[in-house]
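No lab work stands behind these numbers, since they all come straight from the coordinates. Here the structure is a predicted model, which is why all the values come from computation and not from measurement. Cβ sites come from the backbone with ideal geometry, for glycine too, and all protein chains shown count toward neighbours.
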Amino acid sequence: MAVKAKTKGTSTDLGNSRYSATEAEAAKFDLEPHLVRLMWDEPFYSKVLRGISKIKTNEIPTAGVAVRDGKVQFYWNPMFCASIIKDGGADKIKGLSIHECLHLVFDHCVGRKKEPHIIWNYATDCAINSLIPRAYLPDGGIVPGEAFTPLTEEQKEKMDDKRIASYERLSDFIESLPLGLASEEYFALFMREKDIVEDLKEQEQQGQPGQPGDGEGPGMPGPLDDHDGWGELNEEDRELVKGKIRQAVKDAAMDCDSKGTWGSVGADTRQAIREMICKDIPWKSLIKQFVGMSRRAERSTSRMRLNKKYPGIHSGFKRGYTANIAVYIDQSGSVSNGELELLFGCLRDLAKRTEFTTFHFDTDVDIDSKTVWKGGRTPPTHRTRCGGTCFDAPTVHVNKHKAEFDGCLILTDGYAPTPRPSRVKRAWIITTEGDHNFKCGSETVIKMKQPAQKAA
């Protein structure tokens, strides 16, 4: 998602009514020391955010996470961040970073939009603010179980009775909410309150909730950060980004478990995170996510795209994603033709933008079995070997050819000694009758479901 300037609520529009920091204080603000502190204090959140670009911008009023060109990015407004420091201290910047990280952990920015979108924005913030230590949350964020700051008499004088009633109605409702629910549960509770739904829709039309509206009294308190552009990905890019995020979360959780250091992440939050990364996702979706994670961006010229630097002189550029995946098929007798057909059926849907190269293996890789599968050409399912199984065989082969492949899939029953490390991103597809306790470090292990012909 490209960061888009809004007609309402940009930093320029908001001015001193939104921020307590001066332009000079904003110019001096540096996010990097706070990210270093996060690394020491909050290892889980730091690890998830480590591979994400941090972009300073005045195009959004607060901060936010979004997807642009297939990459997750963390946007932050220097005036907003400097104001947080001025009003609440460094812990509040830590809380903001945790807030954005949890949006990623729970797939908020890559999931499908729920309508009304403004209600979904409130629901997601209620869910993740429930999980953040209260002392870390910047002022102005909505917290289940807490009422809004009461309106002063001076503020009420600038508001009509309808706006006062809306403010107090939402405040009472937020105060009545329990802590610790999922976003979907908070969304359902909001949708039962028809008056509040209409209040928020109206406020959204007048000015983004959480920001000053028309200058007559305070705006309706709302989400802490910017949610613009959530859910605008096509299905293919959605799987790509979700796969990258899920892997980052999984790696961070495993590292924290091994070291016993989760920072401020409470037991309930850790459980929610583990459920998120371990939930039963259809095995075909896991393969799609792995392929998406393996894709690399390619840029090519296009006369249909505007060259922003040299308009009318040079062609613009278009960005696409491609990958070449090696697929190694265990020949020990553990892989049935039915399971092989199931796998090929899944890969067939991805072959338009991904090249698959299949090999058979037992204790060695059968070079003669190589089949380049591109554009829907399905390899034959016949068996060429019948020996034992050695996982070092495909590993040695793909390492030798790492310049050719962006990732590799190994279809097997999992019954063989643990292989040496791979220099190419690797995932394992375990057959129906295979070893479903198989593990290989932090690598992706996908367990096939029972083939349809065996389920009867």
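Summary of the geometry: the stretch 385-434 and the stretch 81-97, compared by the centres of their Cα atoms, lie 47 Å apart. Net charge in the neighbourhood of ALA252 (other residues with Cβ under 12 Å of its Cβ; Lys, Arg +1, Asp, Glu -1) is +3. Taking other C-beta atoms within 10 angstrom as a stand-in for reagent exposure, TYR19, TYR328 fall in the order TYR19, TYR328, fewest first.
Between the residues THR152, GLN206, LEU177, the greatest Cα displacement towards the positive end of the dipole of the stretch 124-206, with unit charges on the Cβ of Lys, Arg, Asp and Glu, is found for LEU177.
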